[in-house]
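Notes follow the structure.
The values are calculated or read from the model by the stated rules, or taken from the named source; none is laboratory data. Being a predicted model, the structure only gives us computed values, none of them experimental. Neighbour counts are summed over all protein chains in view; Cβ atoms, including those assigned to glycine, are modelled from backbone coordinates with ideal geometry.
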Protein chains: 2
Amino acid sequence: MVMEQVSPTPDRIFEALWGHQRTAALKAGIDIELFTAIKEGKRQVSALAERCKATERGVRMLADYLTMLGFLRKTGNEYSLSSDSEVFLVTTSPAYVGGTLEFMLAPPLYDGFRRLTEAVRKGGTALDEQGTTAEEHPEWVTFARAMIPMMMAPAKWISNYLAAHQVKVDKVLDIAAGHGLFGIEIAKQFPQSTIVALDWPNVLTVAKEQAQTAGVQERYQWLPGNAFSVEYGKGYDVVLLTNFLHHFDPPTCEEILRKVHRALKENGRVVTVEFVPNEDRVSPASADFALVMLVTTPAGDAYTFPELNDMFTKAGFARSEIHEVPQSKEHVLVTYKT
Amino acid sequence: MVMEQVSPTPDRIFEALWGHQRTAALKAGIDIELFTAIKEGKRQVSALAERCKATERGVRMLADYLTMLGFLRKTGNEYSLSSDSEVFLVTTSPAYVGGTLEFMLAPPLYDGFRRLTEAVRKGGTALDEQGTTAEEHPEWVTFARAMIPMMMAPAKWISNYLAAHQVKVDKVLDIAAGHGLFGIEIAKQFPQSTIVALDWPNVLTVAKEQAQTAGVQERYQWLPGNAFSVEYGKGYDVVLLTNFLHHFDPPTCEEILRKVHRALKENGRVVTVEFVPNEDRVSPASADFALVMLVTTPAGDAYTFPELNDMFTKAGFARSEIHEVPQSKEHVLVTYKT
């Protein structure tokens, strides 16, 4: 038997060590609109510096580094875009992801990870008492806008699922509606439906804009406030709980679920969107979301399906199913009241 | 002809976006001594949390994330070390790199990269007027200690080179001596040599310690102060300029080189250690050092060999050679006065 001896190297360690430099370089490229400037035909440092309102020295050093990362190409003194950069990093591209990146690097996450050691010691966000779960946290307005491209796939999947399963959808409660996308897709799919959208008043303005753009604003009722204290009303066919439970500990989740249970019709369903790791908590790739919850919330988590199922059961629900969503790292749970 | 169509994905972009999280997780693991605790036989969250003075929730979330990055392994509820982590991340290991990582993530770099956009606009460090080139910057003491493991290879290479080429080495000037390693290796190799070590007084304490440990302290003369203003003296066979020039713009480098030229004997040599990119400035991998200079200095750079050669020529030197150094990302230049 031949065993290959691989001697250990610190390569992987230094790779992780420099991670923050890559993040910073990508962010700086987006901040000064370097990719957009190249798309416009500026290819040399002097023209780019003028267009990007930056110094030639700074642009040259940044562009060289971004070339080394594969976001740009360099031929002689001229830079060009890699195919990925052209599609995703140019502001005029329909698939531009700069808004999403901006949110992902907003203070709660970017500063929060700088204080990770503190969060590990404390067992929750080091930012302030409530982290991003604080009342009317201004970040959620940015978030609501930033998440739209990433939530398109699960939002469409849910409305198609409800239609395919001939679910009666007359009255829908969208808890922490955010951008409003989940309710809007349902409103488009089910012309007789009414959507009650709940969120902090500052965030609801985003959902209102989106509903207006989609032409479904007349089918909406607005419920501004806190999901824990606002009265939901009764008789819902479907309650949407999208990217909400992960912010809280299980007892708090159960509190919300009991409230949801009371608001649903007897044959109603909850549709939950979540990052759901396998029971080993280290797969699939989306399991890394747990650390984001450590950094940004006092007690949130990425819950496994058995854990979520247990919360629903304790709140009085009959059973839950879990579904994978193509083109999304998240799962959809459908939970039946009876 | 068959052309494979690869549709663009934002994967590489998100990979870079999350870079800062990886840096933070590695740092947190080192900060709480998680790797060392596992090496000591703690394998479950409860025992690790106690040993690491952290919460179980925090340790579990961090350890799962580090497992996903490949620094740990997880079997059931037990964590173990990957072979790289065992060698490089356990404090009791001779190859422990935690000190180096600590320096690499000290404020000038870690905070500096957070302000990269500003540095790109400004064309130099956004930290303060002089960045890390400020007089007696306290970071250099940490730096001097942190760099020892990484400078062993080039320091030994240089003393071996001088011996192999039968260079007369009676009097050596070590400019910005730092940890002192370069001078110390020469002192060990050439028992008749005297080393004059120049650095800020706070940094020289580190070189003094190291010289004492190596048993060569009696061969040393200490020259505390600033390399631009201190009088070097005369009659040196060799002047060491290790990791110094990259902090300054070419005119400032030439000013130092003219001073070095005057201090050298007629047949003396300068031995320079630098990150030297190819002329394309995007290769080899060490070319990324230029961005570190943008972030931490007002006007420093990673200079190409033609640029360095030009500075030496302008300062009156006859010619320069460049050498690769095994096990190092840096190059060594040997420059002849005549």
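Every residue, every condition in (1) buried (at least 17 other Cβ atoms within 10 Å of the Cβ); (2) among the β-branched types (Val, Ile, Thr); (3) within 23 Å of B:Asp170 (Cα to Cα), yes or no:
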{"position": "B:Asn202", "(1), (2), (3)": "no, no, no"}
{"position": "B:Gln212", "(1), (2), (3)": "no, no, yes"}
{"position": "B:Val216", "(1), (2), (3)": "yes, yes, yes"}
{"position": "B:Leu223", "(1), (2), (3)": "yes, no, yes"}
{"position": "B:Leu241", "(1), (2), (3)": "yes, no, yes"}
{"position": "B:Thr252", "(1), (2), (3)": "yes, yes, no"}
Screening A:Lys27, A:Lys53, A:Lys39 for residues that are touching a residue at least 12 places away in the same chain (Cβ under 8 Å), surrounded by 20 or more Cβ atoms within 10 Å (Cβ to Cβ) and of a type in the set (Lys, Arg) leaves only A:Lys27
Looking at the range B:250-272, can you tell me whether even one residue there is under 28 Å from A:Met68 (Cα atoms) and under 15 Å from the mean Cα position of the chain (by Cα)? yes
Determine whether the range B:4-19 contains at least one residue that is out of contact with any Cys (no Cβ under 7 Å at 6 or more places or on another chain), away from every other protein chain (no Cβ under 11 Å) and among the acidic types (Asp, Glu).
yes
If we keep only residues of the range B:297-318 that are assigned to a loop (DSSP other than H, G, I, E, B), closer than 29 Å to B:Glu266 by Cβ and among the hydroxyl-bearing types (Ser, Thr, Tyr), then the residue nearest to the chain's Cα centre (by Cα) is B:Tyr303
Flagged pairs (Cβ under 6 angstrom, 6 or more apart or on separate chains; first in the range A:228-246, among the aliphatic types (A, V, I, L, M); second at pLDDT 95 or above and assigned to a helix (DSSP H, G or I)) are A:Val239/A:Val260; A:Leu240/A:Phe182; A:Leu245/A:Cys253
Note: among A:Thr91, A:Thr100, just one is among the polar types (S, T, N, Q), more than 7 Å from chain B (Cβ to nearest Cβ), touching an Asp or Glu at 6+ places or on another chain (Cβ under 9 Å) and surrounded by fewer than 22 Cβ atoms within 10 Å (Cβ to Cβ), namely A:Thr91
When restricted to A:Thr55, A:Thr36, the only residue of a type in the set (S, T, N, Q) and more than 7 Å from chain B (Cβ to nearest Cβ) is A:Thr36
Of (1) more than 19 Å from the chain's Cα centre (by Cα); (2) part of a loop (DSSP other than H, G, I, E, B), B:Val276 satisfies every one except (1)
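Here's the yes/no breakdown for (1) in a strand (DSSP E or B); (2) farther than 18 Å from A:Glu307 by Cα; (3) within 12 Å of another protein chain (Cβ to nearest Cβ):
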{"site": "A:Glu255", "(1), (2), (3)": "no, no, no"}
{"site": "A:Arg262", "(1), (2), (3)": "no, yes, no"}
{"site": "A:Glu266", "(1), (2), (3)": "yes, yes, no"}
{"site": "A:Thr272", "(1), (2), (3)": "yes, no, no"}
{"site": "A:Asp280", "(1), (2), (3)": "no, no, yes"}
{"site": "A:Ser286", "(1), (2), (3)": "no, no, yes"}
{"site": "A:Phe289", "(1), (2), (3)": "no, no, yes"}
{"site": "A:Val295", "(1), (2), (3)": "no, yes, yes"}
State yes or no: is B:Leu116 touching a residue at least 60 places away in the same chain (Cβ under 8 Å), in contact with a Lys or Arg (Cβ under 9 Å, 6 or more places away or on another chain) and not β-branched (Val, Ile, Thr)? yes
Checked against (1) small (Gly, Ala, Ser); (2) surrounded by fewer than 22 Cβ atoms within 10 Å (Cβ to Cβ); (3) modelled with pLDDT of 95 or more, B:Ala155 satisfies every condition except (2)
A:Arg57 vs (1) in contact with a strand residue (DSSP E or B) (Cβ under 9 Å, 6 or more places away or on another chain); (2) within 25 Å of B:Thr304 (Cβ to Cβ): all pass except (1)
Check on B:Thr132, at pLDDT below 90, under 20 Å from B:Met293 (Cα atoms), part of a helix (DSSP H, G or I) and more than 14 Å from chain A (Cβ to nearest Cβ): yes
Original post:
Is one or more of the residues making up the range A:180-194 among the aliphatic types (A, V, I, L, M), on the phi < 0 side of the Ramachandran plot, at pLDDT below 95 and in contact with a Ser or Thr (Cβ under 6 Å, 6 or more places away or on another chain)?
Top reply: no
* **Test: A:Ala63 is touching a residue at least 24 places away in the same chain (Cβ under 8 Å), closer than 27 Å to B:Trp18 by Cβ, of a type outside the set (Val, Ile, Thr) and touching a Ser or Thr at 6+ places or on another chain (Cβ under 6 Å)** => no
All-but-one check, A:Pro284 against (1) under 16 Å from the mean Cα position of the chain (by Cα); (2) under 30 Å from A:Arg114 (Cα atoms), failing number (1)
Scanning the range A:58-83 residue by residue, those of a type outside the set (Phe, Trp, Tyr), surrounded by 18 or more Cβ atoms within 10 Å (Cβ to Cβ) and within 7 Å of chain B (Cβ to nearest Cβ) turn out to be A:Gly58, A:Val59, A:Met61, A:Leu62, A:Asp64, A:Thr67, A:Met68, A:Leu69, A:Lys74
Quick check on the range A:305-322. Is at least one of its residues crowded, with 18+ Cβ neighbours inside 10 Å, among the acidic types (Asp, Glu) and farther than 22 Å from B:Leu26 by Cβ? no
Pairs returned, first residue in the range B:255-274 that is under 19 Å from B:Val332 (Cβ atoms), second residue that is buried (at least 18 other Cβ atoms within 10 Å of the Cβ) and polar (S, T, N, Q), beta-carbon separation under 6 angstrom, 6 or more apart or interchain, are B:Val270/B:Thr335; B:Val273/B:Thr242; B:Val273/B:Asn243
